Amino acid sequence: MNTKFLKNTTPFLAAGALLLGGCQPDIDAPKVDKGSADFTRYIAVGNSLTAGFMDNGLYLEGQQNSYPSILAQQFQQAGGGEFVQPLFNQANQQNGSGFLRLTGFDATGSPITTFVPGNAGRIPSSPASAPYTKFTGPINNLGVPGIRLADIQTAKFGNIQTTPLNAATFNPYFERITPDGSDVSYFQRVKAEAATATFFTTWLGNNDVLGFATSGGASTTSTITRTDTFTLKSQRIINVLTANGAKGVVSTIPDVTGIPFFTTVGPRLKATLVANNVPGLVIQTGAAAGLANSTNRKQIATTDIRDASGGRQLFTLTGAPFVSLIGRPTGRPWRFVYAQSGQPAAGFPLFLAAYGIDTLQALGVTAQNPFPSAFVLDDVEQGQVNTATTAFNNALRTQALAKNLAIFDANVFFTSVSNNGFATNGVRNTAAFISGNLFSLDGVHPTPRGYAAIANEMIKVINAKYGSSLQLVDPNQYRGVLLP
């Protein structure tokens, strides 16, 4: 090596580098401006989507990647303040309520999942279950999984001293952020936090229709909220959020029939039935009891099962373990459905009798053993879901416009994702289960990448409405579904 050359040329190279450095064009960092918004104290109001729920559980990773958390980080570049979430402890509660994990695929390509037990229960003998460890200080993220707009003024909603843990009027996630013995409602909690808030996002109302849909319209408790109740409660929550002059974003409700929970099982079942020349199925519909000759039996053609070629009938992800039993005498799906009721096992024969079920008959091909209603959202039930969703979104848009607030039209966004997917920096994402990377393993809630995409959509409407110049995040920096 010619060291002399190096010794002689190094000073020149160094000088050249300095000159080149001096010639570098000035590249300004993107200008971030708050516009007419004030992000000093941001609060987020909502349900599981706001809390960061994913993979059928609320756990630390999901909380850390919630869309409000992502938004707050972008707000902080424009004067936003501290954003406190009721996080589960990293050291020994990170599994939260527990969650699903993908462990592999079977011979047919169907995913195999396992449930990771929770570790945030505050009763030492039952660490995997509610009630969960308390977090009762001031918080900015008021997302409560499972809450409906219909619930927001329910007293004792988080008081385990007066309300049973399994009562429909009790919510363990609200109990977690509520002081012991307090009868305060969610509305009152929001009102207290809103008194000092300068900016808000609100995304409530999904569960007022989602519970009915995911139960296949078969639940007597998960019913669709009345439109007049929804309108009144949404008006009250928006009024209280704006009472102090805060600006914010109101989100609409997505069309739930386009999410993987409803679009994954049907196409595969349809292909199997077509391959075996099975012309159709007998399903149960609705929640009412009735014998084999009652109106809760319904025949559907194989061609009417929804896939890319058409069809209307949707099969839920919950029913995936049972579709392979169609055509065989079995009572397994009925035992599963009955177990969800929480009733004593001794009552199972009476349950079968009330619904006219003969488990010695072939499942799904006879009226004596139809495919359970809990696993099918049929065309009539979809009509009920669509009617309610339209009415609820009309109410939300009307109230947002009356208060001159930004609107994130989640219905339009998720419909577009369902139909076309979307690409970011050359990476294509879709609404497909697992491979699409936007929806987590429960088929309902987003992955961290999905939450990042939602945060971006909200930033767009904030910038447009309030003249801000908040920067978008790169969704590709957030994970999709974790493969084993």
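Can you confirm whether region 440-449 contains a residue that is among the acidic types (Asp, Glu) and within 18 Å of the chain's Cα centre (by Cα)? Looking for residues that are among the acidic types (Asp, Glu) and within 18 Å of the chain's Cα centre (by Cα), one finds at least one in region 440-449, hence yes. The set of residues from region 186-201 being hydroxyl-bearing (Ser, Thr, Tyr) and open to solvent by less than 10 Å² (accessible area, probe 1.4 Å) comprises 186, 201. Taking each residue of region 181-202 that is among the acidic types (Asp, Glu) and looking for partners that are assigned to a loop (DSSP other than H, G, I, E, B) with beta-carbon atoms closer than 7 Å, six or more apart or interchain, yields 183/155; 183/156; 183/159. For region 461-473, check the following and say yes or no: at least one residue is over 21 Å from residue 214 (Cα atoms) and of a type in the set (Phe, Trp, Tyr). Yes, some residue in region 461-473 is over 21 Å from residue 214 (Cα atoms) and of a type in the set (Phe, Trp, Tyr). Within region 326-348, the residues that satisfy the criterion of being open to solvent by less than 80 Å² (accessible area, probe 1.4 Å) and either among the aromatic types (Phe, Trp, Tyr) or farther than 16 Å from residue 373 by Cβ (or both) are 327, 330, 334, 336, 338, 342, 347, 348.
Conditions tested, residue by residue: (1) among the β-branched types (Val, Ile, Thr); (2) touching a strand residue (DSSP E or B) at 6+ places or on another chain (Cβ under 7 Å).
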| position | (1), (2) |
| --- | --- |
| 132 | no, yes |
| 151 | no, no |
| 156 | no, no |
| 183 | no, no |
| 201 | yes, yes |
| 217 | no, yes |
| 230 | no, no |
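On the given criteria, is residue 415 at pLDDT 95 or above, crowded, with 18+ Cβ neighbours inside 10 Å, within 18 Å of the chain's Cα centre (by Cα) and in a helix (DSSP H, G or I)? Answer is no for this residue. Within region 111-129, the residues that satisfy the criterion of being open to solvent by less than 30 Å² (accessible area, probe 1.4 Å) and either out of contact with any Ser or Thr (no Cβ under 9 Å at 6 or more places or on another chain) or within 12 Å of residue 57 (Cβ to Cβ) (or both) are 116, 118, 120. Taking residues in region 68-79 that are in contact (Cβ under 8 Å) with a residue 40 or more places away in the chain and surrounded by fewer than 24 Cβ atoms within 10 Å (Cβ to Cβ), and partners anywhere that are part of a helix (DSSP H, G or I) and among the polar types (S, T, N, Q), the pairs with Cβ atoms closer than 8 Å and at least 6 places apart or on different chains are 69/63. Among the listed residues 395, 388, which satisfies the condition of being at pLDDT 95 or above, part of a helix (DSSP H, G or I), over 20 Å from the mean Cα position of the chain (by Cα) and under 27 Å from residue 204 (Cβ atoms)? Answer to the check: 395.
The values are calculated or read from the model by the stated rules, or taken from the named source; none is laboratory data. This one's a predicted model, so the numbers in the text were calculated from it and none came from an experiment. Quick reminder, even Gly has a Cβ in these numbers, built from the backbone with ideal geometry, and neighbours come from all protein chains shown. The area values use the complete protein model at the heavy-atom level, side chains included, leaving out ligands, DNA and RNA. Shrake-Rupley method; radii C 1.70, N 1.55, O 1.52, S 1.80 Å.
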